[in-house]
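The values are calculated or read from the model by the stated rules, or taken from the named source; none is laboratory data. Just so we're clear, the structure is a prediction, and the values are computed from it rather than from any experiment. Note that each Cβ is placed from the backbone with ideal geometry, even for glycine, and that neighbours are counted across all protein chains shown. Remember, those area values only see protein heavy atoms, side chains included, never the ligands or the DNA or RNA. Shrake-Rupley method; radii C 1.70, N 1.55, O 1.52, S 1.80 Å.
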Amino acid sequence: MPDKNPPSLLSCDEFDPNALQVEQARNKILESIHPVDDVEQLPIREALNRVLADSIQSTIDVPSHTNSAMDGYAVSGTDIPTTGTKKLTITGTIMAGRPLDIHIATGECVRIMTGGKMPAGADTVIMQEHVQRDGAEKIMSISAEHKTGQNVRQAGEDLAKDDIVFQSGIRLTPADLGMLASMGIAEVPVFKRVKVIFFSTGDELCNVGQPLKDGQIYDSNRYTLYGMLRRLDVDFIDMGVIPDQRERVEEAFQQATAEADVLITTGGVSVGEADFVKETLEKMGHVGFWKIAMKPGRPLAFGHIGNCQFFGLPGNPVSAMVTFYQFVQPALLRMMGIKDVTPNYLYLRSETVLKKRAGRLEFQRGIISNINGETTVCSTGAQGSGILSSMSKANCFIELPAETEKIEAGEWVKVQPFAGMI
Ligand code: AMP
Ligand code: MG
C-alpha cells in the first residue's frame, strides 16, 4: 500500500473541507425534488418507457385455461402404466383455440397441440415423440416413464386473477407491455412526461455546420445532453447557445423557466465566469453553487427558479456528462415518478493499474470486457475532463473512493455500467 499524503499536504484542488460528498449532494437533490403528478391514460404501446401512475390488478387468470405445453396426447395420469406399456384409444384432436367438449374416460386419450385446452378427465400430456402409434389405427401406447401432470400449463400459473401485477412507479419495459396485453389491458395511466429545456453558455461556442472562427470550439454538450435526455424519454427543447451577454442570458432564463419543469445549462458556473450568469440566477431564483468532492464534475449549480428546477452543469464535456449521470438523471427519474433511482453497481477486477490523487472521489471511464471467460474492467486511457473520447470509448464509470491513490492490477473496483443506467 503506498503512503497516503496527510490532508495538509494535498493541494486545495484535491482536498476541500467545505466540499459536499457525492452521496450527500445526490440525497440533498432528491429530497428537494417533487415528482410530476399529472396523469394521462395511454394505449399500452405508447406507454413503453413511461412510468405507471397506479397499480395494475389482473381481472383474469393468465393463461385463462389449463392447456398443453407440447404437441402430443392428453391422457389421465391414472392411465400411465407402472411397468411395460399401455394402449389408449384416441378419441379426437384438439388444436390451439379449438377446444373440444369431451371427457377422457379411462383407456382414452386425445391428440392435442401446444396451447390446446386440456379436455375434462385429462391432466397429463405425453409428447408425440414418446408414444407408439399403430399405423393408421386410433390407438397409441405409452410406457411407464411418464409423470402425472407433465407438459401441462395450469390456468393462472403466470398471473392469477386479482393479483397486483404492477405497483405504481415502475417504468414499463417491452416485457411489461406483453404482460398488460396478456391480461387484455388496452390502456394504462402513466405520469405525464417531464419537460426539460437546455442551453449552452459561452462566447467560444460554435454551432455544428458553421465554420470555426479563431478561438472557437464546437458545442458538443448540447448533443450529449440531447442523447442522454432522449434515452430518458423526457420531453425536451434545445435552446441553442446563449452568448455571454447579460440581456440574452436573462431572457433565456425567463423563457426557459416559464415553459419547463427543469432547466439544464452547461458552462458558466465555475469561478471566474462572466458574473452575470450567477447574478441572473441569484436575482431570479434560489440557486446554490456547490463544490462537490468529485472528479471530474465540480462545480454544480442547483436550485429552482420559480417552479422550474435548475441544474447548472460544468462546461467541460466529460464533467457535464458525469454530473448529468450522477445528479440530474436520478433527479429526472424521481420527477418522472420512479421510486428506485439508485445507480446499479458491480464489482470487477481491474486489468490495469489505476492512479489518482487522494482527496476526491473519482469517476474514471472504463471498459468492461470479457477475456478468457473472466469479466474485468480497464481504463479508457487519458482521463482529462475535456477528453470526450474517454466517454465515447467507455461502457462504465470506475468509481474510486476519495482516499484511494492507486489500484493495483487485479484489485477489485466499484463499477457503474452505462447499460442499465436508465
Ligand atoms: P466553463 O464551465 O464555461 O468555464 O467551461 C469549461 C470548459 O468547457 C471550457 O474549455 C469551455 O470551452 C468548455 N465548454 C463549455 N461549454 C461547452 C460546450 N457546450 N461544448 C463543448 N465544450 C464546452
Ligand atoms: Mg464558459
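Output the residues belonging to region 31-43 that are open to solvent by less than 30 Å² (accessible area, probe 1.4 Å) and modelled with pLDDT of 95 or more.
Within region 31-43, just Leu42 meets the criteria.
Can you tell me which residue within region 173-203, out of those that are over 17 Å from the mean Cα position of the chain (by Cα), among the β-branched types (Val, Ile, Thr) and open to solvent by 10 Å² or more (accessible area, probe 1.4 Å), is nearest to ligand 1 (Cβ to nearest atom)?
Thr201
State whether the residues of region 22-33 include one that is of a type in the set (A, V, I, L, M), farther than 30 Å from His304 by Cα, in a loop (DSSP other than H, G, I, E, B) and out of contact with any Cys (no Cβ under 8 Å at 6 or more places or on another chain).
Within region 22-33, none of the residues are of a type in the set (A, V, I, L, M), farther than 30 Å from His304 by Cα, in a loop (DSSP other than H, G, I, E, B) and out of contact with any Cys (no Cβ under 8 Å at 6 or more places or on another chain).
Within region 91-134, track down each residue that is at pLDDT 95 or above and over 19 Å from Ala69 (Cα atoms).
Of everything in region 91-134, those that are at pLDDT 95 or above and over 19 Å from Ala69 (Cα atoms) turn out to be Thr91, Asp101, Ile102, His103, Ala105, Thr106, Gly107, Glu108.
For region 204-213, which positions are open to solvent by 50 Å² or more (accessible area, probe 1.4 Å) and within 16 Å of ligand 1 (Cβ to nearest atom)?
Glu204, Asn207, Val208, Gly209, Gln210, Leu212, Lys213
What are the residues in region 341-373 that are touching a residue at least 60 places away in the same chain (Cβ under 8 Å), open to solvent by 50 Å² or more (accessible area, probe 1.4 Å) and in a loop (DSSP other than H, G, I, E, B), if any?
Of region 341-373, the ones touching a residue at least 60 places away in the same chain (Cβ under 8 Å) are 341, 343-350, 356-363.
Those left that are additionally open to solvent by 50 Å² or more (accessible area, probe 1.4 Å): 344-347, 349, 357.
If the condition is that a residue be touching a residue at least 60 places away in the same chain (Cβ under 8 Å), open to solvent by 50 Å² or more (accessible area, probe 1.4 Å) and in a loop (DSSP other than H, G, I, E, B), then Asn344, Tyr345, Arg357 are the ones that fit.
Any residue in region 202-224 that is within 15 Å of ligand 2 (Cβ to nearest atom) and touching a helix residue (DSSP H, G or I) at 6+ places or on another chain (Cβ under 8 Å)?
There is at least one residue in region 202-224 that is within 15 Å of ligand 2 (Cβ to nearest atom) and touching a helix residue (DSSP H, G or I) at 6+ places or on another chain (Cβ under 8 Å).
From the residues in region 45-69 that are over 17 Å from Asp158 (Cα atoms) and open to solvent by 30 Å² or more (accessible area, probe 1.4 Å), which one is nearest to the chain's Cα centre (by Cα)?
Only one residue fits best here, namely Asn49.
Just to check your reading of the model, which residue among Ile170, Ile237, Ile142 is in contact with a strand residue (DSSP E or B) (Cβ under 7 Å, 6 or more places away or on another chain) and open to solvent by less than 50 Å² (accessible area, probe 1.4 Å)? Write out each step before concluding.
Numbers: Ile170 fails: open to solvent by less than 50 Å² (accessible area, probe 1.4 Å); Ile237 fails: open to solvent by less than 50 Å² (accessible area, probe 1.4 Å).
None of the others qualify; the one that does is Ile142.
Any idea which residue in region 109-135 is nearest to Thr148 (Cα to Cα), counting only those that are in a strand (DSSP E or B) and free of Cβ contacts under 8 Å to residues at least 24 places away in the same chain?
The residue in question is Ala120.
In region 266-288, which residues are modelled with pLDDT of 85 or more, over 26 Å from the mean Cα position of the chain (by Cα) and under 17 Å from Ala331 (Cβ atoms)?
Selection gives Gly285, His286, Val287, Gly288.
Working only within region 240-265, note down all residues that are within 16 Å of ligand 2 (Cβ to nearest atom), at pLDDT 90 or above and not charged (D, E, K, R). Break it down into steps so the answer makes sense when it comes.
Restricting attention to region 240-265, the residues satisfying the condition of being within 16 Å of ligand 2 (Cβ to nearest atom) are 240-246, 248-249, 252-253, 264-265.
Then drop every residue that is not at pLDDT 90 or above, which leaves 240-242, 248, 252-253, 264-265.
Of everything in region 240-265, those that are within 16 Å of ligand 2 (Cβ to nearest atom), at pLDDT 90 or above and not charged (D, E, K, R) turn out to be Gly240, Val241, Ile242, Ala252, Phe253, Ile264, Thr265.
Enumerate the pairs (first residue in region 212-239 and free of Cβ contacts under 8 Å to residues at least 60 places away in the same chain and over 18 Å from Arg171 (Cβ atoms); second residue anywhere and open to solvent by 70 Å² or more (accessible area, probe 1.4 Å) and within 16 Å of ligand 2 (Cβ to nearest atom)) with beta-carbon separation below 8 Å, excluding pairs fewer than 6 apart on the same chain, so at least 6 apart or on different chains.
Close Cβ pairs satisfying both conditions: Leu212/Tyr218; Gly215/Glu204; Gln216/Glu204; Ile217/Glu204.
Val194 passes all but one of (1) in contact with a Lys or Arg (Cβ under 7 Å, 6 or more places away or on another chain); (2) more than 16 Å from ligand 2 (Cβ to nearest atom); which number fails?
For Val194, the exception is condition (1).
When you look at Ala320, is it part of a helix (DSSP H, G or I) and open to solvent by less than 10 Å² (accessible area, probe 1.4 Å), yes or no?
It is true that Ala320 is part of a helix (DSSP H, G or I) and open to solvent by less than 10 Å² (accessible area, probe 1.4 Å).
Only one of these is hydroxyl-bearing (Ser, Thr, Tyr) and free of Cβ contacts under 8 Å to residues at least 60 places away in the same chain: Ser76, Ser55, Ser143, Ser68. Name it.
Sole residue among the options that is hydroxyl-bearing (Ser, Thr, Tyr) and free of Cβ contacts under 8 Å to residues at least 60 places away in the same chain: Ser76.
Please enumerate the residues belonging to region 240-278 that are assigned to a helix (DSSP H, G or I), in contact with a strand residue (DSSP E or B) (Cβ under 7 Å, 6 or more places away or on another chain) and either open to solvent by 60 Å² or more (accessible area, probe 1.4 Å) or acidic (Asp, Glu) (or both).
Once the filter is applied, which keeps residues that are assigned to a helix (DSSP H, G or I), in contact with a strand residue (DSSP E or B) (Cβ under 7 Å, 6 or more places away or on another chain) and either open to solvent by 60 Å² or more (accessible area, probe 1.4 Å) or acidic (Asp, Glu) (or both), region 240-278 yields Arg248, Glu259.
Just give me the residues in region 374-401 being outside any loop (DSSP other than H, G, I, E, B), under 18 Å from Asn316 (Cα atoms) and in contact with a Pro (Cβ under 9 Å, 6 or more places away or on another chain), in sequence order.
In the first step, residues of region 374-401 are kept if they are outside any loop (DSSP other than H, G, I, E, B); the result is 374-379, 389-393, 396-400.
From the residues that got through so far, the ones that are under 18 Å from Asn316 (Cα atoms) too are 389-393, 397.
Hits for region 374-401 are Met391, Phe397.
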